[in-house]
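> One structure, as C-alpha cells, below. Some questions next.
The values are calculated or read from the model by the stated rules, or taken from the named source; none is laboratory data. Please read these numbers as outputs of a predicted model, since none were measured by experiment. Cβ coordinates were reconstructed from backbone atoms using ideal geometry, including for glycine residues, and neighbour counts include every protein chain displayed.
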Amino acid sequence: MKKVEFGSQIAHVGSTEELCVSLADEVEKLIRERAAEGKMAILGLATGKTPLPLYAELVRRHREEGLSFANVVSFNLDEYEGLGRDHERSYWAEMWVNLFDHVDVVEGNVNVPPSEPEDAERAAGEYEEAIRAAGGIDWQLLGIGGEGHIGFNEKGSELESRTRRVELAKRTVEDAADDFGGVENVPTHAMTMGVGTILDAKRVVLMARGEGKQEIVKRSMEGEMSADVPASFLQKHENMGWFLDEGAAG
Ligand code: F6R
C-alpha cells in the first residue's frame, strides 16, 4: 500500500484487499479502544458496491477474531424515499444483508434515515439530533458518485448543508437503474446527511474503486472546492483519507 500526498490531501493507494485491511484496522482500533473505556464507537456508514469487501472483512474479523460490534452505534448516510425496511433495495435492508445480520450489533443502535417520514423536515432534524446526542460521528465512511456526490449530496449541495430530503440527480437514477430493473423503478427522492453533517465527523475516509471513478476523484481532490462537485468540500477536512485502488488513483 502506498501513501501519496497531494497538497494537503492524503491518498492511500493499493489493491482492494489492502484498502479493506487498512480501513478495517481503523474501525477495529476505534471499537476496541472505546470498548476498553466502556464507551460506544460511533460509525457513519455507506451503502453501494464500493464498501462491500470492507464489510466482508469486518464480518470475518467478527467471526474469526472476536471483533464485537456490541458497542457500535451506526448512522447511515442516506436512504431512498418510499422504500420500507423490508424492501430489498432499501439501504436499511442492504446494511443488514451485508453487515449487521452477521455481527453482534444491537438493532436499536442502528440508524438509517427514515424512508417514509410524515414530516421530512422534522425527521431530518431528529436525525441530526440523534447524531449529536450520540456525541458525533467518530469515523465516517464514504463512497463517491460519478458526478461527485457523497451520500446523496448531489451537484449543488452546499458546504453547510445538513440532513434533508433531496431529489436524486439524473445520473444517480441512471446508475441505479440496473438494480431496480429500469430507471422508472428508481426512487426520485431520498433523505441524506448533508455535506456539513459529514464534515463534522472526527475522521472521514472515502473509498473509491475502479477506473470509472478516476476522473471524479481527481476533480474532488485537486479541483476547486465547489458545490459543483460536493466531494471537493472534503479537502477542508483535517482528518480525511482517500482510499483508492490503482484504477481510481490512475
Ligand atoms: C451510498 C452513498 C453513495 C455511494 C456512491 C457510490 O450510501 O451514499 O454516495 O457511496 O453513489 O456508489 P457505489 O459504491 O455503488 O459506486
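> Which condition from (1) touching a residue at least 60 places away in the same chain (Cβ under 8 Å); (2) not in a loop (DSSP other than H, G, I, E, B) is the one that VAL97 breaks?
For VAL97, the failing item is (1).
> Name the residues in segment 33-51 that are over 24 Å from GLU79 (Cα atoms) and surrounded by 14 or more Cβ atoms within 10 Å (Cβ to Cβ), would you?
ARG34, ALA35
> Right, something else. For GLY210, indicate whether it is within 16 Å of the ligand (Cβ to nearest atom) and on the phi > 0 side of the Ramachandran plot.
It is true that GLY210 is within 16 Å of the ligand (Cβ to nearest atom) and on the phi > 0 side of the Ramachandran plot.
> Output the qualifying pairs, or none if there are none: Cβ atoms under 6 angstrom, residues six or more apart or on different chains, first residue in segment 143-160 and touching a residue at least 24 places away in the same chain (Cβ under 8 Å), second residue more than 8 Å from the ligand (Cβ to nearest atom) and basic (Lys, Arg).
GLY146/ARG171; GLU147/LYS155; GLU147/ARG171
> Now for a separate question. Within segment 161-174, is even one residue crowded, with 18+ Cβ neighbours inside 10 Å and assigned to a helix (DSSP H, G or I)?
So far as segment 161-174 goes, yes, one or more of its residues are crowded, with 18+ Cβ neighbours inside 10 Å and assigned to a helix (DSSP H, G or I).
> If you don't mind, another one. Within 13 Å of the ligand (Cβ to nearest atom), of a type outside the set (Val, Ile, Thr), at pLDDT 95 or above and assigned to a loop (DSSP other than H, G, I, E, B): does that describe GLY48?
Yes: the conditions hold for GLY48.
> Let me ask you something else. For segment 210-236, which residues satisfy the criterion of being among the aromatic types (Phe, Trp, Tyr) and either farther than 20 Å from GLY194 by Cβ or surrounded by fewer than 17 Cβ atoms within 10 Å (Cβ to Cβ) (or both)?
Selection gives nothing.
> Here is a list of conditions, (1) assigned to a helix (DSSP H, G or I); (2) free of Cβ contacts under 8 Å to residues at least 40 places away in the same chain; (3) within 14 Å of the ligand (Cβ to nearest atom); (4) of a type outside the set (Val, Ile, Thr), and SER74 meets all of them except one; can you say which number that is?
(1)
> Out of (1) outside any strand (DSSP E or B); (2) within 10 Å of the ligand (Cβ to nearest atom); (3) surrounded by 15 or more Cβ atoms within 10 Å (Cβ to Cβ), the odd one out for ASP179 is which?
Of everything listed in (1) outside any strand (DSSP E or B); (2) within 10 Å of the ligand (Cβ to nearest atom); (3) surrounded by 15 or more Cβ atoms within 10 Å (Cβ to Cβ), ASP179 misses just condition (3).
> If I go through segment 182-208 residue by residue, how many of them are surrounded by 24 or more Cβ atoms within 10 Å (Cβ to Cβ), β-branched (Val, Ile, Thr) and part of a loop (DSSP other than H, G, I, E, B)?
Count: 0.
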